[in-house]
Number of protein chains: 4
Amino acid sequence: MSRHDQYRENVAGRANVEDTPELLAYYDDLKKKGAAALWTVANKIEPWEPVSQSLPMVWRYKDLRDDVLRSVELVTPEKAGRRVIYLDNPGRSDVAAAVGWIYAGLQVMHPGERASAHRHSASAIRFIMEGTGAYTVVDGHKMTLGANDFVLTPNGTWHEHAVSEDGTACIWQDGLDIPLVNALEANFYEVHPDLTQAVGHPVDDMTRTWGNPGLRPGTGAWSKGYSPMFKYEWAPTYEALSRLAETDGSPFDGILMHYMNPVTSGHVMGTLGASMQMLRPGERTRAHRHTGSCLYQVCKGSGHSVINGQRFDWTERDIFCVPSWAWHEHANASSSEEACLFCLNDLPVMEKLGLYREESFGENGGHQPLRQP
Amino acid sequence: MSRHDQYRENVAGRANVEDTPELLAYYDDLKKKGAAALWTVANKIEPWEPVSQSLPMVWRYKDLRDDVLRSVELVTPEKAGRRVIYLDNPGRSDVAAAVGWIYAGLQVMHPGERASAHRHSASAIRFIMEGTGAYTVVDGHKMTLGANDFVLTPNGTWHEHAVSEDGTACIWQDGLDIPLVNALEANFYEVHPDLTQAVGHPVDDMTRTWGNPGLRPGTGAWSKGYSPMFKYEWAPTYEALSRLAETDGSPFDGILMHYMNPVTSGHVMGTLGASMQMLRPGERTRAHRHTGSCLYQVCKGSGHSVINGQRFDWTERDIFCVPSWAWHEHANASSSEEACLFCLNDLPVMEKLGLYREESFGENGGHQPLRQP
Amino acid sequence: MSRHDQYRENVAGRANVEDTPELLAYYDDLKKKGAAALWTVANKIEPWEPVSQSLPMVWRYKDLRDDVLRSVELVTPEKAGRRVIYLDNPGRSDVAAAVGWIYAGLQVMHPGERASAHRHSASAIRFIMEGTGAYTVVDGHKMTLGANDFVLTPNGTWHEHAVSEDGTACIWQDGLDIPLVNALEANFYEVHPDLTQAVGHPVDDMTRTWGNPGLRPGTGAWSKGYSPMFKYEWAPTYEALSRLAETDGSPFDGILMHYMNPVTSGHVMGTLGASMQMLRPGERTRAHRHTGSCLYQVCKGSGHSVINGQRFDWTERDIFCVPSWAWHEHANASSSEEACLFCLNDLPVMEKLGLYREESFGENGGHQPLRQP
Amino acid sequence: MSRHDQYRENVAGRANVEDTPELLAYYDDLKKKGAAALWTVANKIEPWEPVSQSLPMVWRYKDLRDDVLRSVELVTPEKAGRRVIYLDNPGRSDVAAAVGWIYAGLQVMHPGERASAHRHSASAIRFIMEGTGAYTVVDGHKMTLGANDFVLTPNGTWHEHAVSEDGTACIWQDGLDIPLVNALEANFYEVHPDLTQAVGHPVDDMTRTWGNPGLRPGTGAWSKGYSPMFKYEWAPTYEALSRLAETDGSPFDGILMHYMNPVTSGHVMGTLGASMQMLRPGERTRAHRHTGSCLYQVCKGSGHSVINGQRFDWTERDIFCVPSWAWHEHANASSSEEACLFCLNDLPVMEKLGLYREESFGENGGHQPLRQP
Ligand SMILES: [Fe+2]
Ligand SMILES: [Fe+2]
Ligand SMILES: [Fe+2]
Ligand SMILES: [Fe+2]
Ligand SMILES: [Fe+2]
Ligand SMILES: [Fe+2]
Ligand SMILES: [Fe+2]
Ligand SMILES: [Fe+2]
């Protein structure tokens, strides 16, 4: 007979019931009826505050890049579906997540290769890491891609990726809410009947139409639950950060901008958000914590982050994660160069469901004491 | 060395990679770096359509009522926190859910008893099953409760329950999104510093203020993410169903009304929705399926439901569940009396995250063939 | 040569230019080019605060009722289009308004009469004053009408009115935004090709479907810019006021509820709002003023209002107006009976255009000194 | 005794009552009671379609520029308040409007001059026509201005304009909804207590913060009813048009973009909208008409418009108007250069009040036959 009183707390308002033979028999009886006593699990399922199952960690690009490239020799795109090495957080292996409910992988594609078109209820982003000639087609709109470009393939859109014959080997980061949509038992998958889409619009037309500052096209309405602007290019993003860098910024994030749906100014998709932030030369932020999971990629520069008291150094193309409700602060290592961090997160879920909460670290000038390794 | 190719599918666009010694070594190497090959799990994490982990099932009140009452003798409210027997779906025991990400329990309270005030990020509903004299206090608003009344204690509101000295033993169904909020790593819990709230308003003032047809109070604004009307009484709800019963209704649900936030006409809370439906005498609905999990309580009458081909008979106060994407249809057993079903669900989550999908059962006149037991 | 300096003010920031021969010649020259000097009109077109062109006034039903009934003898419905005596505010005769941009009239119809179906961009309401057997048809939905019922015929909906053969002579108040829609140069008018509509739904179906407290129908969506509930009956409205009367209410309005679009909880139509308020026995409100024009009808009881220092007594069925930015306060004459006031207003316009402003009367206990007549 | 039957129409559903001595006496009697018979004015106040009081017309800059400059010699800013020549549409002289309910004027300011700070309920825009060194301060945010820049001073914001000592004489177009706000009896005016504002932010900070394509600042929320981006510069606007020019555009407007509130993607202010459009070399649009009034300024190039069958030629800096429901089409005169038109309009009012209606000209290939002069 297993114990049922391992979560007892001696606090008013909390469950504190000791196992007795009579109770254990009662529990057994309930089990047969598909029932159980709340007080045996109440303190477990109603924790005082969140403790994430994800581990904070960094994936160094120099460690993974060779493995990613090697996959080209090991499997064909046809056999693999997509040739991707995914980030497998030890605390989230059961759901194949990099952090929280976010899946992320590094995908490689060689010139002339093309992945078959498909769609799914999971939403996806792509963030280009290296190579030239990559392009993607989303619902018939073709987009060309370069380093640090950010691309959406929202829930339900047909999509396919390729590298043109005159390009070079390309690597990008995939990010999806697959673990979340699976957990919510709402994932559907469909292969395109032709395995490829017809391109029905001028190249990059959606970015040309919707990616203009303070201006909305006179023709064309958009009411879908995600951004009509499928690609956010690096050059104007960097320029925007540079313009904003003249203002104070945030004590916790430096100069941060959210990629947005230009129609609503809300997050780019219903379940995944993303931001790009700049740590100005010498900038070191103060610690805060909030609900929601974050996966960072270093686009520019080097530095370190302290996450729940543990220091993680990073340089260009490294990826690291901050679990829900973990304290975190960032520092640019350079006093002359900017550092830029791309962040993929599930803040739309937290906000829509009323679960976002934030707290700043009050002591020690806002900086966490480092835990001894 | 464990197998990595158990999810292979021989379909264009799907992963179909056979284990080789070289690949297995590669997989081991990746694992050490916190990484893995997507094609080993792609077909598992991108299913063609949802297959719920929850089992369809019915909890009969005649089986559970004695056990619920017996808890009074076994534990005190002080020790138990709350004296609740919860519904433990065999497919969801790990997260203490009745179906999907919804927790549900039967709570009993005797005259003069009072549970201590607390609050949490999880949202809760209460649906009164039997007894008199129950009341609840939510953020200082006191509400009296009778059978089939529906009460909210939204995310972050202080709440406490009690039965007055002159009442009788009361049983109600609790419903919460605890499993979801835990999974999203966003649950906070707080005991009220005084263990009890002061009542600062006339009894039932929020229902008097907001529960009026086609009328909004001239004073008082409300912009929170949940309904200002914390209690929905049975009498006007039944009357509304009876009025609506003169119209056609839905082929899948008969006469159904969603409890709503009167300010937005949306769901009552950010994560949980609820409806009350009437199956008119002799009414038998057609089958459909949709994403989202549903937990029904029979408020009136008797009948049966067919869920994924399996028949479940029910009568007053029984509770049954319909997992996500499971076919379901309902039938009233009586040709002279109405049957009424209360339904607690997570449709707000499905809708807000863009994951709602619905399908009707086209064959056989809309009725599922019964599976042989 | 006419004067151009009659609006001079000797205040910093205001125009204060005296006419000179040179300037007058300059003004003449500008006029020929379709231009003028701003400083000649600036102080006029930029007043310090609004001064309404409408006069506060009361229309007594005992004075007008005979005239209304007499119209039956004087004109046929066929010749008149509609047999209506409208309220002609002396300050607004040029636009046929009762107050501000609101048109109002008293319409009479005898048993068996029927007005021809038509539609227009102007939005209309009807408020029933006396008689039995009246009904109206709006976009194919038929509604039966009794005293103090409130009915909508929104912008663009086909509508027609009639009194059944077994009814009595009916009088109701029409209210429309005709003056506003004309001023905005956006009014269209169309006679129904058949002069009458087919009724395609059960009688009163929209009110049965949408007029339920805290409940939304499971089938049927509604996203038009006006309420789907075309009729608001007196009995539930009065009951709602009585329930709300247990709360404090407003110092300026007593117990007031806005008729609302149940889908948005906003005003019933895009340009016209309406409310019903109860002055409890002995209740006397404090004065305030706000932008927006109000036309009141006394549904029950008697009392008086003070408007810009002038006292207006009223009794059942009288109609009175409060112009924009006029101070106003109300008093119930009875210490044992309630008084109820229906109010038609243009608050949706004020609110949507960001022009609503409100101020309370601070001195003298909130009561205006009465002007000597 | 004046006639009351001048609006008769012999059409079913319309008023058609002939004056009789008895009726005329009845009308007189009603008048004494502040009432009148609807059928005497029904056909007038319910027209079949809108007929605007505004005349279509063009104001040529070459005709007005000297007069504008001459005002500097005639009045001081202190005496004039603002030194503005306004556009006085002969059909709207009574309300000082250029078209519909839109006021517009040409303001001139010399280096070192400064207008006193004030605010009002009317919303204003400024569109820079010529000169250097102009700047404006809105609620403490300073903005520098150049030709074709577009600036907002929304309802209720403190604002002041000036030209720096090292600038040149500047002329800009003012546009306001003064006539509308006056008509709605909701205009308030206030002179700043210090006659000048303190500048509390970096120059152009709002445009730097909010004027970025597809990006929203991480800090700073904005929920006011107007855009947080007070200045829209010409260079990025022209660049956006050029990018969009690769798409099809609109048959009625060529390449048109609405200036938008970047938070909502709606119009820049609650009552006034604005757009910038490009007619590509050789482009000639097809005719349409819609409710709402439009005032165009030619920013670049030359061409003509046909308005209700009348041709109006225009060149850079000319201003012309299109009244509500007037047919209009535009043509670029050049086959090698673009023409650009700035448009100020009241479309937000039309849309919010549900009064927008549009129609395309079907015959003659979409082009109006020209009326003989
Ligand atoms: Fe995909
Ligand atoms: Fe953070
Ligand atoms: Fe609780
Ligand atoms: Fe269902
Ligand atoms: Fe009408
Ligand atoms: Fe008022
Ligand atoms: Fe101004
Ligand atoms: Fe147009």
| said: Return the chain D residue and its Cβ-to-axis distance, rounded to the nearest Å, for the rotation relating D to B. | reply: D:SER223, 5
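Applying a 10 Å radius around every beta-carbon, put D:150-156, A:131-137, C:216-222 in order of their mean neighbour count, most first.
In descending order of packing, they fall as D:150-156, A:131-137, C:216-222.
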| query | Taking H as built 1.01 Å from N, whose amide H comes closer than 5 Å to the amide H of C:TRP158, not counting residues under 5 places away? | reply | C:ASP139
| What gaps in nm, shortest first, separate A:LEU24 from its twins in the other copies when you place the label 7 Å past Cα toward the beta carbon? | 4.3, 10.9, 11.2
| remark: Helix-only [θ] at 222 nm, the protein assembly as shown, -39500 (n - 2.57) per DSSP H run of 4+, per residue, nearest 500, equals -4500 deg cm²/dmol
| Which net charge results for the neighbourhood of D:ALA98, defined as the other residues with beta-carbon distances under 10 angstrom from its beta-carbon, given Lys and Arg at +1 and Asp and Glu at -1? | 0
| query | Once you average over the residues of D:342-354, how many Cβ atoms of partner chains fall within 10 Å of each Cβ? | reply | 4
| field | Peptide A:262-268 - average C-beta neighbours from other chains (10 Å radius) | value | 4
| GNM on chain C, C-alpha springs below 10 Å: top fluctuator among C:ASN345, C:ASN89, C:ASN182? | C:ASN182
| In sequence order, calculated HN-Hα J values of the stretch A:304-312 (Karplus, 6.51, -1.76, 1.60; Hz; x Gly/Pro) | 8, 10, 10, 10, 6, x, 10, 8, 10
| request: Filter the GluC sites (Glu not before Pro) in the stretch C:144-235 to those in DSSP coil with at most 15 other Cβ atoms within 10 Å of their Cβ, and list the result. | output: C:GLU165
| If you build a Gaussian network model of chain A, linking Cα atoms that sit under 10 Å apart, which residue out of A:VAL263, A:VAL199, A:VAL138 swings the most? | A:VAL199
| task | Check the straight Cα-Cα distances from B:LYS142 and name the aspartates and glutamates below 12 Å, setting aside those fewer than 8 residues away within the same chain. | result | B:GLU160, B:ASP204, B:ASP205
| remark: Beyond 28 Å (Cα-Cα) in this structure, taken from A:LYS352/C:LYS231; A:LYS32/A:LYS352; A:LYS352/C:LYS224; A:LYS224/C:LYS352; B:LYS44/B:LYS352; C:LYS224/D:LYS224, we find A:LYS352/C:LYS231; A:LYS32/A:LYS352
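With the convex hull built on the Cα atoms of the stretch A:147-284, state its orientation-averaged projected area in nm².
That works out to 11.7 nm², a quarter of the Cα hull's surface.
Which order do peptides C:114-121, C:170-177 fall in by mean Cβ count within 10 Å, highest first?
C:170-177, C:114-121
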| Straight-line reach from D:LYS79: which aspartates and glutamates have Cα under 14 Å away, leaving out those fewer than 8 places along the same chain? | C:ASP5, C:GLU9, C:GLU18, C:ASP19, D:GLU113
| task | Over the whole of D:237-245, what's the average partner chain Cβ count within 10 Å per residue? Rounded to a whole number, please. | result | 4
| remark: If labels are modelled 7 Å from Cα along the Cβ direction, A:SER336 lies from its partners in the other copies at nm distances, smallest first, of 5.0, 9.5, 9.5
| said: For the stretch B:44-150, report the % of Cα-Cα distances exceeding 21 Å. | reply: 47 percent
| said: Going 7 Å from Cα along the Cα-Cβ axis for the label, what nanometre distances separate D:GLY366 from the same residue across the other copies? | reply: 4.6, 5.6, 6.1
| query | Once a ≥ b ≥ c are taken as the square roots of the eigenvalues of the Cα gyration tensor of the protein assembly as shown, is the result rounded (a/c under 1.5), prolate (a/b larger than b/c) or oblate (a/b not larger than b/c)? | reply | oblate
| note | For A:GLU316, other-chain or 5+-apart residues with amide H closer than 5 Å (H placed, Pro excluded) are A:GLY301
| said: If packing is taken as the average count of other Cβ atoms within 10 Å, what order do C:266-276, A:306-316 fall into, highest mean first? | reply: C:266-276, A:306-316
| field | Under 15 Å, Cβ to Cβ, from C:GLN53 - net charge with Lys/Arg +1 and Asp/Glu -1 | value | -4
| task | Give the Debye-formula value of log10 I(q)/I(0) at each listed q (0.09, 0.10, 0.20 Å⁻¹), with one equal scatterer per alpha carbon of the stretch B:89-218, two decimals each. | result | -0.29, -0.35, -1.22
| query | Rg (Å, one decimal) plus Dmax (Å, integer) for the alpha carbons of the stretch C:303-362? | reply | 13.5, 41
| field | Cβ-based net charge around B:GLY112, under 11 Å, with every Lys or Arg adding one and every Asp or Glu removing one | value | -2
| message | Give the list, by residue number, of cysteines in chain A with no other Cys Cβ closer than 4.7 Å, or say none. | response | A:CYS170, A:CYS294, A:CYS321, A:CYS343
| In the stretch A:1-87, which GluC sites (Glu not before Pro) are in a loop and have at most 15 other Cβ atoms within 10 Å, using DSSP for the loop call? | A:GLU9, A:GLU18
| request: Could you tell me what percent of the DSSP beta bridges with both partners in the protein assembly as shown are antiparallel, to the nearest 5? | output: 100 percent
| said: Among the listed pairs C:LYS300/D:LYS31; A:LYS31/B:LYS62; C:LYS33/D:LYS300, which have their C-alpha atoms separated by more than 19 angstrom in this model? | reply: C:LYS300/D:LYS31; C:LYS33/D:LYS300
| request: Among D:LEU341, D:LEU195, D:LEU55, determine the one that fluctuates most according to a GNM of chain D built with springs between C-alpha atoms less than 10 Å apart. | output: D:LEU195
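Readers should treat all values here as calculations from the given coordinates under stated rules, not as data from a laboratory. Note that the structure is predicted; figures quoted are calculated from it, not measured. Note that each Cβ is placed from the backbone with ideal geometry, even for glycine, and that neighbours are counted across all protein chains shown.
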